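Student: Below is the structure I would like to discuss, written out as structure tokens.
Nothing in this text is a laboratory measurement; each read-out follows from the coordinates by a stated rule. Worth saying up front: this structure is predicted, and the values here are computed from it rather than measured. So basically every Cβ, Gly included, is an ideal-geometry build from the backbone, and we count neighbours across all protein chains shown.
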Amino acid sequence: MSPALLNVLEVILNGLMAGIMYSLVALGFVLIYKASGIFNYAQGVMALFAALTLVGFQTGQIPFAHVINAAFGTHLDNWGPGLPTLLAIILTMGVMVLFAYLLERFVLRHMVNQAPIILFMTTIGLAYFMEGFGDLMWGADVKTMDVGLPSGGSVWLENLTVGWAAEGSNYRGMYIDVLDLCAAGVSIVLVITLTLFSQYTKTGRALRAVADDHQAALTVGISLRTIWIIVWSIAGFVALVAGIMWGAKSGVQFSLSLIALKALPVLILGGFTSIPGAIVGGLIIGVGEKLFEYFIGGMIGGATENWFAYVLALFFLMFRPQGLFGDRIIERV
Amino acid sequence: MTELNQDGRKIGDTLLEVKNITLSFGGVKALTDISFDIKEGEIRALIGPNGAGKSSMLNVISGFYHPQQGEVWFRGQKRGSMRPYEVARQGVARTFQNIALFKGMSTLDNLMTGRITQMNTNIFWQALWKGPAEREEIAHRERVEHIIDFLGIQAIRKTPVGRLPYGLQKRVELGRALAAESKLLLLDEPMAGMNLEEKEDMCRFILDVNDEFGTTVALIEHDMGVVMDLSDRVVVLDYGRKLADGTPDEVRNDPAVIKAYLGGAHA
Amino acid sequence: MFYREAGDFKSSYSADQQTFPIRLDRQVVWGILAIAFFVVPFFINDYWEKSVLLPFLVWAMAALGLNILTGYCGQVSLGSGGFMAVGAYACYKLMVAFPWMNMFVVIILSGIITAMVGVIFGLPSLRIKGFYLAVATLASQFFLVWLFNKVPWFYNNSASGMIVAPERTLFGMPLTGAESPSWLTYLFCLTLVVVFAFIAHNLIRGRIGRSWMAIRDMDIAAEIIGVHPLKAKLSAFAISSFYIGMSGAMMFAIYLGTAEPTEAFGISKSFLVLFMIIIGGLGSILGSFLGAAFLTLMPVLLKNVMVNGLGWPADLAAHIELLLIGALIMLFLILEPHGLAQLWRVTKEKLRLWPFPH
């Protein structure tokens with residue numbers, strides 16, 4: 001194979017990896033949308049918050065240190081060397097569940113019959129709130145996420161693919177980050193688990209019932225409130241995984257929350273209510289972005305990844321307004 | 001209600017004619033080979049059990065649904081592929097089965113919107129307001145006030161329609177359709193959910209509209225008393241097919257209609 | 001007692017349709033305008049101009065524009081930032097190409113150019129609705145910001161990629177640039193905002209406004225009744241973009257003096273304008289002003305309290321500001337999704353009856 005072809009292959013594979021990462025975030029959206037009809041813009045910030053909390057527990061930070069110092073003139077810093085990773089993850093999960101509970105109690109309960117755009121706006125407000133809250137709690141400086149995941153180029157893959165190029169070329173093998181491979185593996189496991197959960201467990205069934213029809217679910221005795229807390233907790237867990245993966249890749253910082261915006265085109269393509277759709281949508285967007293940048297980006301100034309996903313989604317919408325997997329919208333008068 | 005005197009009103013030529021209309025949604029056939037006509041000045045009723053395709057027929061006439069087969073002829077001209085607003089401009093107005101009022105606007109605004117096909121001032125005059133735009137507004141306002149008087153809804157002129165009770169909303173929707181001063185008025189279950197008194201009021205309005213304005217009316221209605229007393233001719237639909245077509249008496253005695261309404265095995 | 005309609009009869013339709021039918025309303029509004037035009041210019045200083053009044057006026061203009069599109073016509077748009085950028089860059093190119101042109105004309109022309117761009121980006125609205133449309137508008141937001149970053153023609157090949165407003169005068173006095181007196185910039189923006197608020201009001205109460213609201217409330221029924229959906233939606237996009245473009249031009253030329261696309265016109269600005277009209281009240285001109293006031297004044301207030309008052313570091317104040325804005329947005333949407341304008345309407349209704357209970 002020629003180096004050029006191998007390069008394209010590498011771009012595609014990297015695109016697939018990036019796509020999986022997008023899907024991780026999109027997954028959280030789909031869960032919440034399915035169960036409560038809310039498009040949760042705050043999913044990205046939840047990922048950021050989860051990551052911050054994890055790092056905070058790991059490194060032994062005192063929550064709200066900055067605020068307390070400013071208000072009372074103290075000089076608090078760390079309380080110690082921090083907690084072991086596994087314990088920190090469990091504690092963070094606990095925090096996310098608590099957050100889901102508080103959210104349901106103070107916000108969701110009151111928003112039951114509102115128009116979708118109002119619900120969306122509420123989650124944007126939530127995103128701002130959580131961002132400010134997270135900054136106050138753990139500080140806004142960039143943190144490194146270290147949960148023991150391997151990173152750096154996969155040496156094994158490089159060595160494997162070196163020989164694929166034609167003789168005499170300088171091809172040095174494909175560069176695919178091991179971290180990305182890890183993330184892909186984790187995402188696949190997550191999707192399978194979630195799909196199995198929703199299909200075969202009692203709670204999963206209840207979740208699907210609620211997604212279909214709130215009123216009907218109530219009449220058969222399903223508690224909407226409990227379901228919502230469960231769903232947001234699961235979304236919180238997904239956010240945590242996303243936060244760990246993305247954080248390990250590019251550091252725990254504000255830009256993580258902008259991923260939420262990238263998830264939107266993913267959902268357009270995959271449909272808002274389909275778990276497998278979120279994966280397919282993510283893959284298409286990931287590969288599409290990378291390929292477009294590779295072939296055409298250089299000619300028009302680069303950085304096309306900023307907008308390509310959205311324009312792609314736009315074209316999709318023009319021809320298939322409900323996305324690839326979504327339910328067909330039939331209008332009646 | 002007393003027997004109608006048809007001689008008092010002039011029934012003219014064919015205003016609307018549908019020929020061999022077939023409409024399907026995916027695999028479901030909503031209408032199969034339906035043909036009938038509506039003459040100018042008459043009151044035509046469209047009846048049938050739920051799901052017979054009556055609203056779909058009205059939607060075809062409005063131009064919202066495009067039939068897979070068949071033609072619609074309006075005022076002697078075959079209708080090409082038209083968007084609903086073009087159909088409205090030709091002179092077709094309607095009400096809807098589940099009230100489709102503009103809930104964010106007041107009664108007056110809803111009625112004024114009914115006249116939108118006749119408003120033409122361009123945007124620059126509208127931006128300025130004083131001048132041609134205001135004059136046009138006032139001219140239309142006068143016509144709309146005429147309809148408000150006719151329907152007796154003066155007190156709720158400025159109320160946002162979302163706040164009105166059901167019966168009044170239905171009346172406002174009739175007003176919006178009337179405001180268009182159309183040739184053909186399509187009413188989709190105008191009396192649904194009303195008590196006897198409200199129904200009598202509605203019937204009186206429909207008769208007056210037909211009488212005073214000469215408007216041709218096609219209505220879908222379930223109340224047989226209303227249908228028999230109000231309409232000049234009736235079309236009966238069942239499972240998307242035409243069962244009968246004629247005067248109320250003819251239809252009432254038609255064996256196929258009796259079977260459809262009273263029982264007998266359905267294929 | 002003082003605030004009532006009783007006894008105030010209208011004997012003509014034109015009187016009934018006037019902007020402020022209740023006499024007290026009229027007097028108050030004329031009063032506010034009089035103070036704004038004739039009193040404030042004497043007391044204004046640089047701080048008030050740059051931190052409070054100009055931002056308020058610029059964002060009020062943008063909020064008016066977005067309210068027309070989203071509040072009155074029901075088309076959700078997250079592309080406001082991008083359109084403000086179009087206005088700003090159009091303004092820049094016009095100012096450079098036609099140094100003699102009057103600034104009022106420049107701003108209005110920038111608005112017109114933005115309107116044309118808005119129509120193009122509004123075409124998807126004919127096929128796509130609701131939430132999906134919001135996502136589609138993100139395409140315009142990100143693409144436009146990228147465009148102004150990457151294509152050198154827009155920023156006249158300057159090394160920094162930023163655009164700087166050249167100095168221009170109005171009636172002989174400097175309007176743009178560092179030398180401009182506060183009262184002049186203030187009056188310039190105020191005039192534009194008041195005139196175009198009035199125009200917006202006229203458009204809304206007439207045929208076009210009704211066609212917008214009909215599309216918003218029941219777009220299918222509207223079309224069946226005779227509303228031309230293409231004309232209605234595209235006119236909403238055009239006029240909304242016109243206002244938002246003017247706002248961007250004002251922001252660049254008068255308020256900031258310089259601009260850099262990602263910073264000044266990024267997605268956060270699109271959200272900001274959307275918050276303004278939601279908190280202020282969708283489908284309400286007063287709401288646009290109230291929302292703009294709320295979201296421009298509150299940060300100033302918070303900063304004063306926290307940084308100057310309590311002596312806290314600026315970054316902490318910024319975090320708390322984020323927290324508070326988020327909390328307030330959620331609170332508003334829970335308690336009064338129709339915004340401040342609705343609160344005001346309810347107050348007025350109670351005032352009409354005061355001191356009687358009902």
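Student: Just to confirm a number: summing +1 for Lys and Arg and -1 for Asp and Glu over residues other than A:LEU102 whose beta-carbon lies under 15 angstrom from that of A:LEU102, what do you get? Please list the in-between numbers first.
Tutor: Values: positive: A:ARG105, A:ARG109, A:ARG225; negative: A:GLU104.
Taking every other residue near A:LEU102 into account, the sum is +2.
Student: Same structure, new question: How long, wide and thick is the protein assembly as shown, going by the Cα atoms along their three principal axes, in whole angstroms, largest first?
Tutor: Taking the Cα atoms of the protein assembly as shown, the three principal extents are 98, 76, 62 Å.
Student: Next question. Can you tell me which of A:THR201, A:THR123, A:THR144 moves the most in a GNM of chain A? Springs connect C-alpha atoms under 10 Å apart.
Tutor: A:THR201
Student: Sticking with this structure for a sec: Pull up the cross-link candidates among the aspartates and glutamates for B:LYS39, meaning alpha carbon to alpha carbon under 14 Å and not fewer than 8 places away within one chain.
Tutor: B:ASP13, B:GLU17, B:ASP232, B:ASP245
Student: Now, a different point. So what are the ³J(HN,Hα) numbers for the range C:148-164, from phi and the Karplus equation (6.51, -1.76, 1.60; θ = phi - 60°), rounded to whole Hz, Gly and Pro as x?
Tutor: Rounded to whole hertz, the list is 6, 6, 9, 8, x, 4, 5, 10, 6, 6, 5, 5, 7, x, 8, 10, 10.
Student: Next question. So what's the net charge close to A:ARG208: Lys and Arg +1, Asp and Glu -1, counting the other residues with Cβ under 13 Å from its Cβ?
Tutor: Numbers: positive: A:LYS34, A:LYS202, A:ARG205; negative: A:ASP212, A:ASP213.
Here the charged neighbours net out to +1.
Student: Let me ask something else about it. Kindly identify the range A:3-319 as rounded, prolate or oblate by the Cα gyration tensor criterion: order the square roots of the eigenvalues as a ≥ b ≥ c, call it rounded if a/c is under 1.5, otherwise compare a/b with b/c, prolate if a/b is larger, else oblate. Walk me through the numbers on the way to the answer.
Tutor: Working: a/c = 1.83, a/b = 1.26, b/c = 1.45.
Oblate, because a/c is 1.5 or more while a/b does not exceed b/c.
Student: Also, I was wondering about something else. Taking a ≥ b ≥ c as the square roots of the Cα gyration tensor eigenvalues, with a/c under 1.5 meaning rounded and otherwise prolate when a/b beats b/c, else oblate, which class fits the range B:1-129?
Tutor: prolate
Student: Can you list the HN-Hα couplings for the range B:97-112, worked out from phi with the Karplus curve (6.51, -1.76, 1.60; θ = phi - 60°), rounded to whole Hz and with x for Gly and Pro?
Tutor: With coefficients 6.51, -1.76 and 1.60, one gets 5, 9, 2, 10, 7, 8, 5, x, 10, 7, 4, 4, 5, 4, 5, 4 Hz.
Student: For every other residue with a beta carbon closer than 9 angstrom to the beta carbon of B:LEU15, add +1 if it is Lys or Arg and -1 if Asp or Glu, then tell me the sum. Present the calculation step by step, with values, prior to reporting the outcome.
Tutor: Numbers: positive: B:LYS39, B:ARG75, B:LYS183; negative: B:ASP13, B:GLU17, B:ASP37, B:GLU40, B:GLU42.
Here the charged neighbours net out to -2.
Student: Can you work out the Karplus-derived ³J(HN,Hα) for every residue in the range C:124-141? Use 6.51 cos²θ - 1.76 cosθ + 1.60 with θ = phi - 60°, whole Hz, and x for glycine or proline.
Tutor: With coefficients 6.51, -1.76 and 1.60, one gets x, 5, 6, 10, 10, 10, x, 5, 4, 5, 4, 5, 4, 5, 4, 4, 5, 4 Hz.
Student: Measuring from centroid to centroid over Cα atoms, what is the spacing of the range B:31-86 and the range C:294-345 in Å?
Tutor: 56 Å
Student: Among the aspartates and glutamates, which fall within straight-line cross-link reach of C:LYS93, defined as a Cα-Cα distance under 17 Å, with same-chain neighbours fewer than 8 residues apart omitted?
Tutor: C:GLU167, C:GLU260
Student: Still on this model: For C:THR169, which sequence-distant residues (separation of 5 or more, or a different chain) have an amide H within less than 5 Å of its own amide H, given hydrogens modelled in the peptide plane?
Tutor: C:LEU175
Student: For a quick check: with amide H placed at 1.01 Å from N, whose amide H comes under 5 Å from B:GLN69's, ignoring anything fewer than 5 positions away on the same chain?
Tutor: Excluding prolines and chain starts, which carry no amide H, the hits are B:THR22.
Student: Which entries in the list C:LYS50/C:LYS348; A:LYS34/C:LYS231; B:LYS170/C:LYS10; C:LYS233/C:LYS269; B:LYS29/B:LYS78 go over 30 Å, if you measure between the two C-alpha atoms of each?
Tutor: Numbers: C:LYS50/C:LYS348 33 Å; A:LYS34/C:LYS231 35 Å; B:LYS170/C:LYS10 28 Å; C:LYS233/C:LYS269 23 Å; B:LYS29/B:LYS78 24 Å.
Going by Cα-Cα distance, C:LYS50/C:LYS348; A:LYS34/C:LYS231 fall outside the 30 Å limit.
Student: If you don't mind, there's one more thing I want to ask. Give the lysines reachable from A:LYS249 as a straight Cα distance under 18 Å; neighbours fewer than 8 places away on the same chain don't count.
Tutor: A:LYS143, A:LYS262, A:LYS290
Student: Now a separate question. In terms of modelled amide H atoms, which long-range or inter-chain residues lie less than 5 Å from the amide H of C:GLY283?
Tutor: C:GLY71, C:TYR72
Student: Helix by helix, which DSSP H runs in chain A go 20 Å or more along their axis at the Cα atoms and have an average Kyte-Doolittle hydropathy of -1.0 or more? List each step's numbers first, then the result.
Tutor: Values: long enough: A:3-36 (49 Å, 1.56); A:43-59 (24 Å, 1.38); A:85-106 (31 Å, 1.91); A:116-138 (32 Å, 1.19); A:178-200 (33 Å, 1.83); A:224-250 (37 Å, 1.48); A:275-295 (30 Å, 1.22).
Those that pass (Cα extent of 20 Å or more, hydropathy at least -1.0) are A:3-36, A:43-59, A:85-106, A:116-138, A:178-200, A:224-250, A:275-295.
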